[in-house]
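Colleague: There's a structure below that I have some questions on.
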Amino acid sequence: MKKYLILFFVAAAAAFQSCDNNDDLWDAIDDLKGRVQALETQVDALNGNVEALQTLYNGGATISEVTESDGAYVLKLTDGTTLTLSQGSEAQAVIPVVSIDANGNWQYSVDGGKSFISLGQNAVAEDGVTPQFRIDESTGYWQVNTTGEESGWTNVKDASGKEVSAVGGTVSDKFFDTVRVDGDMLYIKLQNGQELEIPIVPDVLCAIVDAEGKPIEGIQSFDSGVERSFIVKMKGIDNTIVTAPEGWTARLTEAVDEVAYLYVKAPGKLASAGTTATRATANTSQDVAILATFGKYSCISKIQVQSTGVEAEPPTVTSVTPSTTIQPTDVTLTFDVQVANADGWKYICQKSDAEAPDAAKVFAEGATVLGTSVTVEGLEAQTEYTIYVVAYIGEQYSEVATAKSTTAAEPVDPNDYYKAGVEINGVRYDQNSEGARLLEFASDATEDKLQITLPGSKTVSFIGKNESAYNLYTKRDGGATIAADHIFIGRYADERPVIEIGNYIALRNEGGTVAFKNLVVDCTSAPVNYSFLISSSNDGSQVGGLGTFVFEDCEIIFSKPAVISLSGAAANSIGNMIFRNCKIAYTGTANSNFIVANQTDLKGQDGFQSLVFENNIIYMTTEALASCVIFNGQNNTFSNMDILFDRNTVVNYLPSGGQGAVIVAAGCASFRGLTYNLYYSSPTLLRTSNVFGLRMTGGNPSTIGTMTPNVGYGVFSKSSDTFKNYYGGAGAEITIFSASPFSSMDFEKGEFVKTTEAAEYGSTLE
């Protein structure tokens, strides 16, 4: 590196981009203090450039990375430090030009570099100083300080001895002629033609840092005989040499995962019981340095140390307590630790019933901590643990201090409905619910063990793992009866166990609840034409009926004419029928009614309160022509029933002939909502009559909610009467797609991928 350098140091400032702009600024700032404050950015960058110059001029600097932004060049050195050089532009001010002369002394010029005045201070070697510049707000004069003391500021003077004002005049503060990176070198060409050449060695680092990874700054004070450790980040280093002042010792460990430790020990003897410390050379500071070599290059990382000569107290653990801010989990415990006169502390945490370690073992085998807390991981749930702690300075350690804490219970998996609980139609069920039972079946379970019993008392059945070759099923030899509340839940959210309806199930729980959640309900094996029947017992002791019948997050598969049949004497009503987030698949080819309620002997129509279909996919698994109706109550009036049919995807499940509607009845109380439904009919199917989403043969109800929007696609036979969402009434029309609303269709799996145009309609189920 060249030893005679003329460096024009002036800061870059975005506010001073041109003389014209500066004129406007000075017009606005007409007092001296304001003008001085406007130059603060230049002053800061001037001092930063002076500091950077000294580091680069002294030699031994290597760069690992160079970045540039808005005229500022950031140089990351291999010793972990960062330098910033500011390029600058124009400023209406007098700003010193600072350089180093041939003898290595600082000098400055206030006439643009025509003549220089020496500061009489060495810039290099061990006794080098770094001058600082500022502008006196009260006078506007430049000042310089080479002592580092607040009293060391003196006014900058020109060659004639006149004090130099910063305000007024125009100079160029462009620091560099060019800056370029060529291969593994950074070239900085100065305005006077001189050029610095600095090697760039990427992925190399030898930096002494604190616990937060920041470079160590300031003098590190040590009491007598104290040993302290410092973190050293190391990368790409071949060899190291550690040096320390006379009487001090320093050693560097091998790097593990690019981290080593520098141990520094002050002269003198650490105090302990019965001993007196030897006074070291007090109040002197010198460097502990690491000379790191990598290939043909090297760098020096160092810290300044100082011995106070004061007798040091032995290390002590002042407190160990379970954390009051971080609560135990099933696998972690957090402890807060306070130590005194220590570099750090070590600990062993183990079950309380294990043999306690002594201080020597904790120091030798314990984990090291430099902070004030530790979180111990990998523990067992609901178990008491004891932490054993010692504080240390170098090789000296304290007595053991302890604390105890107990881990929490194992957290509940939210996908485990049995433990975490789950809501069905607003009611929560879990393992503590009345009548809760867990049904799980091993791989060797025989088929006769998989029949689900239906007790006469309230039962909540959580159906877990079924590793056998068979599915669960209800009674096959004749109809079964539900005469109490029965809730069936697939235990795990990501699994849907199969329940086969072996024969029809008579619903005789008037006012009660039957619900299915997260299950596949297979109705294809029932030998009769329905799976659930509203009927009373022959002796009249049990009245057919139900308060609420719910299917949520289920797959319902059927092949017979109906799933639910409503007919017969006595009450025979279901207060609320709710199907939410379900896939309903019809695998047959004959005409069907998913819920059939058109028998003329049906009693208790006033007991029907609501019919809800929300976010379902309702489809036929084939394209066979059949007349399929979701709810057929053609011959009956449900004067209290409210109908909600929202965001459903209906595929090939459309009626043909008759009343021609997906939902049909003689009358009801209200249509609460019939919106965002997607109706699809395969183009290969031919219909001979109009089709509607909903129709009341006795006229529309008095209360009609939101009826649009809805969309449809398929064959519509009469151009004069298009497919409608419901029969009669304003706003019943739906938007007809000219192209299929599905980009792909899988009838077997019930997967219908919607196009972008249809994305906001129909079910959100995949």
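Colleague: Can you pull the Kirkwood radius for the chain, inverse mean 1/r over Cα pairs, to one decimal in Å?
Modeller: 35.0
Colleague: Kindly put ASP553, ASP184 in sequence by how many other C-beta atoms sit within 10 Å of each C-beta, fewest to most.
Modeller: ASP184, ASP553
Colleague: In percent, how large is the relative contact order of segment 580-671, given Cα pairs closer than 8 Å and 6 or more residues apart? Don't skip to the end; give the middle numbers.
Modeller: Details: 210 pairs, mean separation 31.9, N = 92.
Computed value for segment 580-671: 35 percent relative contact order.
Colleague: Next up: Lys and Arg at +1, Asp and Glu at -1: add these up for the other residues within a Cβ distance under 9 Å of VAL612 and post the number. Walk me through the numbers before you get to the answer.
Modeller: On the way: positive: ARG580, ARG672; negative: GLU614, ASP642, ASP646.
With Lys, Arg at +1 and Asp, Glu at -1, the net is -1.
Colleague: So, one more: Restricting to Cα pairs below 8 Å that are 6+ residues apart, what does the relative contact order work out to for the chain? Please round to a whole percent.
Modeller: So the answer I get is 5 percent.
Colleague: May I ask for the Kirkwood hydrodynamic radius of segment 531-671, worked out over all distinct Cα pairs and given in angstroms to one decimal? Numbers along the way, then the final one.
Modeller: Details: mean 1/r = 0.0656 Å⁻¹.
Every distinct Cα pair counted, the radius reaches 15.2 Å.
Colleague: So for each of 630-636, 523-529 I average, over its residues, the number of other beta carbons within 10 Å; can you give me the resulting order with the highest mean first?
Modeller: Values: 630-636: 23.3, 523-529: 16.0.
Put in order of decreasing packing, that is 630-636, 523-529.
Colleague: Roughly how tilted is helix 40-57, in degrees to the nearest 10 and between 0 and 90, from the longest Cα axis of the chain?
Modeller: Roughly 70 degrees, rounded to the nearest 10.
Colleague: Share of antiparallel DSSP beta bridges in the chain, in percent to the nearest 5?
Modeller: Values: 114 of 216 bridges.
That works out to approximately 55 percent antiparallel.
Colleague: Full extension from GLN451 to ASN415: what is 0.36 nm times the residue separation minus their Cα-Cα distance, to one decimal in nm?
Modeller: Separation in residues times 0.36 nm, less the Cα-Cα distance, equals 10.4 nm.
Colleague: Something else: In whole angstrom, how far apart do the alpha carbon centroids of segment 557-594 and segment 410-485 sit?
Modeller: 22
Colleague: How do TRP345, TRP248, TRP142, TRP153 line up, fewest other C-beta atoms within 10 Å first?
Modeller: With the sparsest Cβ surroundings first, the list reads TRP153, TRP248, TRP142, TRP345.
Colleague: Still on this model: Provide the gained length on full extension for the span ASP210 to ALA72, in nm with one decimal, where the gain is 0.36 nm per separating residue minus the Cα-Cα distance. Mind showing how you got there, number by number?
Modeller: Details: separation 138, 0.36 × 138 = 49.68 nm, distance 2.70 nm.
The span from ASP210 to ALA72 would gain 47.0 nm if fully extended.
Colleague: Cut-off under 26 Å on the C-alpha distance; same-chain residues fewer than 8 positions from LYS749 excluded. Which lysines are left, in chain and number order?
Modeller: LYS749 reaches LYS465, LYS517, LYS560, LYS583.
Colleague: Quick one: angle between helix 19-28 and the longest Cα principal axis of the chain, in degrees between 0 and 90, rounded to 10, please.
Modeller: Helix 19-28 sits at roughly 90 degrees to that axis.
Colleague: In a shell of Cβ-Cβ distance under 14 Å around SER115, excluding SER115 itself, what net charge do Lys and Arg (+1) and Asp and Glu (-1) give?
Modeller: 0
Colleague: How many angstrom lie between the C-alpha centres of segment 621-672 and segment 255-269?
Modeller: 82
Colleague: For segment 205-311, what is the relative contact order in percent, using Cα pairs closer than 8 Å and at least 6 residues apart in sequence?
Modeller: So the answer I get is 34 percent.
Colleague: Let me ask something else. Of the cross-linked pairs LYS189/LYS302; LYS603/LYS724; LYS233/LYS302, which ones have a Cα-Cα span greater than 22 Å in the structure shown?
Modeller: LYS189/LYS302; LYS603/LYS724
Colleague: Hey, another quick one. For segment 502-608, which chymotrypsin sites (Phe, Trp or Tyr not before Pro) pass both filters: DSSP loop (anything but H, G, I, E, B) and at most 10 other C-beta atoms within 10 Å?
Modeller: The qualifying sites: there are none.
Colleague: Provide the net charge surrounding ALA364, with neighbours chosen by a C-beta distance below 11 Å and charges set as Lys +1, Arg +1, Asp -1, Glu -1.
Modeller: -1
Colleague: How large is the helix-only mean residue ellipticity at 222 nm for the chain, computed as the sum of -39500 (n - 2.57) over DSSP H runs with n ≥ 4, divided by its residue count, in deg cm²/dmol to the nearest 500? Write down the numbers at each step before the final one.
Modeller: Details: 5 runs with 46 residues, N = 766.
Dividing the helical sum by the residues of the chain leaves -1500 deg cm²/dmol.
Colleague: Could you sort 42-48, 420-426 so that the peptide with the highest average Cβ count within 10 Å comes first and the rest follow in order?
Modeller: Highest mean packing first, the order is 42-48, 420-426.
Only the coordinates and a few stated rules stand behind these numbers; no lab work does. If you're wondering where the values come from, they're calculated on a predicted model, not measured in any experiment. Glycine also receives a Cβ, built like all others from the backbone with ideal geometry; neighbour counts cover every protein chain displayed.
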